[in-house]
Structure formats: C-alpha cells, structure tokens
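First comes the structure, then the notes that go with it.
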Amino acid sequence: MIHPIPNGTRDVLPDEMRELRAITEAMRAAFERREYGEVWTPTIEFEDVLRRGETGVDPAYRVFDDHGHVMALRPDMTVPIARVVATRYATAEPPLRFSYFAHAYRGVRPHRGQMREFLQAGVELVGAPGPHGTVEALTVLCEALDAVGLKGYRIALGSASLYPALMDTFDVPVEVRETLLAALAARDFVKLETQVRRHGLDDALVRVPQLRGGAAVLDGITGGEAGGLRAILADLPEHVSSRIVFDLGLARGLGYYTGAVFDVLDPELGEPLGGGGRYDDLLGRFGRPMPAVGFALHVDRLHLALAGEEAAA
C-alpha cells in the first residue's frame, strides 16, 4: 500500500540523517568559533509579518489560526530574524551575530534542487555596514564550507543594485523595468535581449549582466556598485578571494537585497548550494534601521555536492 507524502517533501532515513547531522555539526562549530549565537524562531509566522520583508517568494503553505489570522510557514529565516532583532534586541549595541539551522518552506514546482521543505543553515550579521560586514560574511561562509570538507566550490559575487543603476543610466521606462528584472532573475538572456531590442534600449543592458570572471570584468563599469565590489575583493583574505568569481548578472530570488549578493556554486551540482547578500533596508521595515548581511546554505544540496566530490575523487 502506498501512503503518499506532499509534493516537494521527503523522508530522511537513518544513514543519510547521520551524514546530514555531521554536516550541520561541522558548520555549527564554524559559526560558534566566530561567535554567531544560534537562534530558533517559530516555523509559522503571521503572513503580514512575512510580507513586510517583501521576499518575492510565495509561501508554500497558509493556514488560519483560531482567531482568523492568516499564518504562513516561513520561506526563509532572514525575515524572522529581522523581527527578532526589532523586538528582542531593540536597544542592543550592534553588531549582532546570529546563526541558525531551520526548515524553510517555499511555493515552487518540485524537481531536483527545488523542494517545498528544505533545511537551511546560515548566519545573519546585523549592524555591520559594507564592505567590512560583507567581507566577514564571505569569510564565515568559506570557513563553514571548508569545515564540512567541500573542495571545488566557487562564490559568484555581484551586486543587486548594479542592474537597477544601469537601467537608470539608460533611462529605461518604469513599465519595462520589471520585465527586464524578471528575465535577469531567471537567467533568461534570450528574453532579456528580446525585450531590450523591442524597446530600442542600449545593448549594454544585455552585455553587462553576462560578464563573469575575475576583477577585470569590473573594468569599464562606473558607479559605486563596481567600487563596492572592488573594495570587498581587496579586503578578503587570500583563501576567500581565491574562491571569488564576479557575476555582474547575479540577481538572487529574494526581493530584500540592496547591495552585494553572492551564490555558492559547485561543479558537482547544477543548482546553487545557497547564497546571500546585503539587505540594508529590511531592518527598517521592522522599526530598527540597521545595515545587515547574511547567507543561507541548502543542507541537502550541500550533501549532494559532497557526495559528488567523493565519488569523483
């Protein structure tokens, strides 16, 4: 007899659970060495609180409580931690350092790497402006990945503000911007080029976001966005900077990012293992404006990448 489980979820059996536990414990130790205190928040939140974060991600599940309030399972941990900072740390002196290991839930089309329920491990550094705060986050990220034994990973680094600034430079009409940003977020450069040509816009809007590589890709890019990326690279320790690949078209799926953004890539997996970036405006929506940066790693994908590297060795 078959007893189905919801699409986008899965059972984890003892052998795999032991391996996942080893991964999370190695990362927990790395976070603790950097004095990131572990937090736990409710799996379910008021939907209007989650919407305040403007994540751009649909909740996987909504329910009503006994008072008729609309509740949703959290799509990530950054928004709940922003709420915690505003309510439980309203007078605490920054910077504040938090870590977590928690399940998140998103409304997606389930396929490999796109689960409705998944385990995240990550940190949030609140009250540390860029580039210094971003350098710390990237360093902690690499220390955590090194701790679990991942070898071949790279970090794609870009800026969430670069493409909007580029659209400002070329006077892209307001009604066209969302279409271009959606194509960029989907990495659909064919659609991006089609829309740019249809509206008679400058071809730099197609060319620039396809630039990837070393620091040389920043040559010829003016404005504070490129300068900020150079400043981050200059301050990174060598063992971290050697992992960096600039990606000027990087646009993460969550809507609260404001500056530097990054994805963790590994040749053994076709999907990012996780990522993060700066969200300097998010805390202000909860009543305590502060700069912030963080990252989250998809533990199941990290497990697959580790298994792939071991099999290839």
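The values are calculated or read from the model by the stated rules, or taken from the named source; none is laboratory data. Since we're looking at a predicted model, the values are computed, not measured. Every residue, glycine as well, gets a Cβ built from its backbone with ideal geometry; the counts of neighbours run over all protein chains shown. Heads up: the accessible areas ignore ligands, DNA and RNA and are worked out on the full protein's heavy atoms, side chains in. Shrake-Rupley method; radii C 1.70, N 1.55, O 1.52, S 1.80 Å.
Quick notes on this one:
- Filtering the range 193-211 to residues that are crowded, with 17+ Cβ neighbours inside 10 Å, within 15 Å of Leu248 (Cα to Cα) and touching a residue at least 24 places away in the same chain (Cβ under 8 Å) leaves Leu205, Val208, Pro209, Leu211.
- Leading residue by the ranking (surrounded by the most Cβ atoms within 10 Å (Cβ to Cβ)) among those in the range 212-230 that are at pLDDT 90 or above and hydrophobic (A, V, I, L, M, F, W, C): Leu229
- Residues (under 20 Å from Ala121 (Cα atoms) and open to solvent by less than 30 Å² (accessible area, probe 1.4 Å)) located in the range 54-71: Thr55, Pro59, Ala60
- Residue pairs whose Cβ atoms lie under 7 Å apart, separated by 6 or more positions or on different chains, with the first residue in the range 163-182 and among the acidic types (Asp, Glu) and the second part of a helix (DSSP H, G or I) and open to solvent by 60 Å² or more (accessible area, probe 1.4 Å), do not occur.
- Residue satisfying condition, being among the polar types (S, T, N, Q) and in contact with a strand residue (DSSP E or B) (Cβ under 8 Å, 6 or more places away or on another chain), within set Thr87, Thr134: Thr134
- Meets criteria (modelled with pLDDT of 95 or more, farther than 21 Å from Asp11 by Cβ, open to solvent by less than 50 Å² (accessible area, probe 1.4 Å) and part of a loop (DSSP other than H, G, I, E, B)) for Ala82: no
- Scanning the range 2-45 for residues that are open to solvent by less than 50 Å² (accessible area, probe 1.4 Å) and without any contact (Cβ under 8 Å) to a residue 60 or more places away in the chain turns up just one, Glu45.
- Single residue of the range 31-59 satisfying the filter (within 18 Å of the chain's Cα centre (by Cα) and of a type in the set (Gly, Ala, Ser)) that is nearest to Arg97 (Cα to Cα): Gly53
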